[in-house]
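Heads up: the structure comes next, in structure tokens.
The values are calculated or read from the model by the stated rules, or taken from the named source; none is laboratory data. No experiment lies behind these values; they were computed from the predicted model shown. Glycine also receives a Cβ, built like all others from the backbone with ideal geometry; neighbour counts cover every protein chain displayed. Accessible surface areas use protein heavy atoms only, side chains included; no ligands, DNA or RNA. Shrake-Rupley method; radii C 1.70, N 1.55, O 1.52, S 1.80 Å.
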Amino acid sequence: MSITVITILVSAVAAIVLGLLIGTLLYNRKMKRRQEDAEEKAKLILKEAEISAETLKKDKILEAKEKILKMKSEFEDEANKKKSLIISNEQKIKQREQTLSKELESIKRKEGELDDLRTDLAAQLEHVKKRKEELDKFNQQKIQVLENISKLTADEAREQLVTSLKDEAQTRASSYIKDIMEQAKLSATKEARKIVVETIQRTATEHAIENCVSIFNIESDDIKGKIIGREGRNIRALEAATGVEIIVDDTPEAIIISGFDPVRREVARLSLHRLVQDGRIHPARIEEIVAKTMKNIEDEIVETGERTVIDLGIHGLHPELVRLVGRMRYRSSYGQNLLQHSREVANLCAIMAAELGLNVKQAKRAGLLHDIGKVLPEELEKPHAIAGMELAQKYKEHPVICNAIGAHHDEIEMTNILSPIIQSCDAISGARPGARREVMEQYIKRLRELEDVGLSFDGVEKCYAIQAGRELRVIVDAEKATDERAGQLSFDISQKIERDMQYPGQIKVTVIREMRSVAYAK
């Protein structure tokens, strides 16, 4: 019995040991298989990483090559442009050298002519000296003969002559003083006329029918009743809100908006347009629409000013000056739009300044701002040039620009070379034909009247009105009119023009006296 138990226990222990050995073997084999799988996965991951790295490397290499090619192309384009610019500059320099060579040859030729002329003048001077000596001898003989005849010495005759010349000089001086007084009266009249014209210009009444009236077109006359409203309350509200006069008459399909301020007229016109489109026309709606329209107009004025200074390349301008530049769009002078006039003057000033080697930016800035005093909201009792200068000083503009603004109508003294340029460009822009609106028949009639005034004087052969009627060229007969008469004639014609004609600005009268001597060699 005990042997059987022992056998069983030994068998059990052996079975357990065998089981443990088999389990250990199986576990080791499983772990080995897992290790092999892990190694296999690691190799696979490494291989995929190598493939990904190779792909990324190729992509980066391709990207770098493309970037290098692009930079190379840009560099070649830039090099070609610079090469073209260098070639163009070389051609300009060659042309300039050719021009300078021609001018140098011309100067040398003129120097030769001057040497010849100097030789001729020296010979003529020697001849004149000889003639002068002969005349001196003749005068001495004549003085001796006169002394014998008059029984007076030369000193006594000289004293009598001085006495008579004093009397004549006093008479002429009195006459000259009288002429000066008359001229001063004429100048005062002209200055007063200039002030009156300036005042009229500030209130925009030089062409009232053209500059103080806007037309609002409507589709049907039935809308007029809605605009007028019950007992006229709508039209009164519109006039009170906009500050203009609304004229509703028998004119078919049109309403007239009258007022001196072009901005207010534009506000009234746009407000009417919105009200008619909306259909709701009553005092409360009118006030709302007018307020919105005013804001839109102000925004548009600022936008116009900003666009103008950007187009002209002007920087650092004060916002208030930019806004006033925008208001120029709604201002006109003698029918010429003030903004277009100022832009034109700015461009002309820039061209002149560039030709003279001056500061182009300052010239363009002063040209744009030269009439800024005309668009001030408040009416000042001073010339627009002075008002514009004070405004520019207020907003810290350069003293050169301030002087150019204030002196472009000779209101103050010019202190720099830029001021006469602004004045000249302002005259050029206003004087060119077509710049200032004028009815063609009236324009032609005024030119003919101007020429008729010149032809009405004795000794005048021909008369031409040029520069849009700002200058009168008078050609006189050299045999009938002397040089002194020509000078007097220009004064007389200018006085008659001032007395008998109406015209803007000033008219220059130029009298030309030409003496021609003609001979024929046969």
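Please tell me if S517 is without any contact (Cβ under 8 Å) to a residue 12 or more places away in the chain, more than 11 Å from F457 (Cβ to Cβ) and of a type in the set (S, T, Y). Yes.
Residues checked against (1) exposed (fewer than 10 other Cβ atoms within 10 Å of the Cβ); (2) modelled with pLDDT under 80:
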{"position": "E74", "(1), (2)": "no, no"}
{"position": "K81", "(1), (2)": "no, no"}
{"position": "L85", "(1), (2)": "no, no"}
{"position": "T99", "(1), (2)": "no, no"}
{"position": "K102", "(1), (2)": "no, no"}
{"position": "S106", "(1), (2)": "no, no"}
{"position": "Q124", "(1), (2)": "no, no"}
{"position": "I149", "(1), (2)": "yes, yes"}
{"position": "E156", "(1), (2)": "no, yes"}
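Screening S419 with (1) at pLDDT 80 or above; (2) among the polar types (S, T, N, Q); (3) surrounded by fewer than 19 Cβ atoms within 10 Å (Cβ to Cβ) gives one miss only, at (3). Residues that are of a type in the set (F, W, Y) and open to solvent by 60 Å² or more (accessible area, probe 1.4 Å): does the range 487-498 have at least one? Within the range 487-498 (the criterion being of a type in the set (F, W, Y) and open to solvent by 60 Å² or more (accessible area, probe 1.4 Å)), the answer is yes, since at least one residue qualifies. Scanning the range 324-347 for residues that are farther than 17 Å from I405 by Cβ, in a helix (DSSP H, G or I) and over 11 Å from the mean Cα position of the chain (by Cα) turns up G326, R329, Y330.
Every residue, every condition in (1) crowded, with 23+ Cβ neighbours inside 10 Å; (2) closer than 22 Å to G259 by Cβ; (3) of a type in the set (V, I, T), yes or no:
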{"residue": "S332", "(1), (2), (3)": "yes, yes, no"}
{"residue": "L358", "(1), (2), (3)": "no, no, no"}
{"residue": "A363", "(1), (2), (3)": "yes, no, no"}
{"residue": "G388", "(1), (2), (3)": "yes, no, no"}
{"residue": "Q393", "(1), (2), (3)": "no, no, no"}
{"residue": "V400", "(1), (2), (3)": "no, no, yes"}
{"residue": "I412", "(1), (2), (3)": "no, no, yes"}
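Screening L380 on (1) over 19 Å from L339 (Cβ atoms); (2) at pLDDT 80 or above; (3) open to solvent by less than 80 Å² (accessible area, probe 1.4 Å); (4) not charged (D, E, K, R) shows it passes everything except condition (2). Taking the conditions (1) out of contact with any strand residue (DSSP E or B) (no Cβ under 7 Å at 6 or more places or on another chain); (2) modelled with pLDDT of 80 or more in turn, D278 satisfies each one other than (2).
So, in the range 249-274, of the ones that are more than 15 Å from E239 (Cα to Cα) and among the acidic types (D, E), which residue ends up modelled with the highest pLDDT? Filtering the range 249-274 for residues that are more than 15 Å from E239 (Cα to Cα) and among the acidic types (D, E), the one modelled with the highest pLDDT comes out as E253.
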